[in-house]
1. Show the residue pairs that are 6+ apart or on different chains and have beta-carbon atoms under 7 Å apart, the first residue being within the stretch 49-72 and modelled with pLDDT under 75, the second being surrounded by 20 or more Cβ atoms within 10 Å (Cβ to Cβ) and among the acidic types (Asp, Glu).
2. Quick one: which helices (runs of 4 or more DSSP H) sit completely within the stretch 81-192 and have at least 3 residues that are touching a residue at least 40 places away in the same chain (Cβ under 8 Å) and of a type outside the set (Phe, Trp, Tyr)?
3. Are there any pairs with C-beta distances below 8 angstrom linking a residue in the stretch 16-35 that is modelled with pLDDT under 95 to a residue that is aliphatic (A, V, I, L, M) and assigned to a loop (DSSP other than H, G, I, E, B), with the two at least 6 apart or on different chains, and if so which?
4. Check off (1) modelled with pLDDT of 95 or more; (2) assigned to a loop (DSSP other than H, G, I, E, B) for Pro6 and give me the number that stays unchecked.
Amino acid sequence: MFIEPPYYNQQQKEKRSGWIEVVSGSMFSGKTEELIRRLNRAKIAKQKVEIFKPALDTRYHQEDIISHNKMSIRSRPVQTSRDILLHAGECDVVGIDEAQFFDIEIVEVVNKLADLGKRVIVAGLDMDFKGQPFGSMPALMAIAEYITKVHAVCVICGNVANYSYRKTPVQQQVMLGQTDSYEARCRTCFQL
């Protein structure tokens, strides 16, 4: 069970330390939904929030982050992880979706933001369609203070799913898609 980190009011802002939270899992596991939930709670707490996603992710919307169950929140699409530093400004909380699509420099960027006293919440796929660690996600999980691994339901047998099975023969690592191209599978059904 995830324990929410403490929230701080404006007077405590100067004293607080930043930290990194990573939400990871397979496709259809609720990563983006959890990211949006945490960011909305920060907004309720009257914290300044900035939200980013890779510009290449246009599956549902050019700017908004939208979960598979249609939860949404406004974000800023960026080309590189360095662009996040340019736009994070004086915010208290930084949200980053689809972190696996960013360049490896995302690790340095996230560390810098946390060092500046910001709460950084990162969501992304932990494994690619081959079941291999995806992009910078392993490094992000290594430096995070809090890690939440979420799971989907296997579409074949109904067990806990941890893998993103690609239903098409495309072999390139990055291929945007939804239920037409991917499905969640458990370890056994992934190997079928």
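1. Going by the 7 Å Cβ cut-off, the qualifying pairs are Asp57/Glu98; Ile65/Asp97.
2. Fully inside the stretch 81-192 and qualifying: 106-115, 137-143.
3. Note: pairs meeting the criteria are Thr32/Met71; Glu33/Met71.
4. (1)
The values are calculated or read from the model by the stated rules, or taken from the named source; none is laboratory data. Only a predicted model underlies this, so the values are computations on that prediction, with no experimental measurement involved. Don't worry about glycine lacking a Cβ; one is built from the backbone with ideal geometry, like all the others, and counts go over all protein chains shown.
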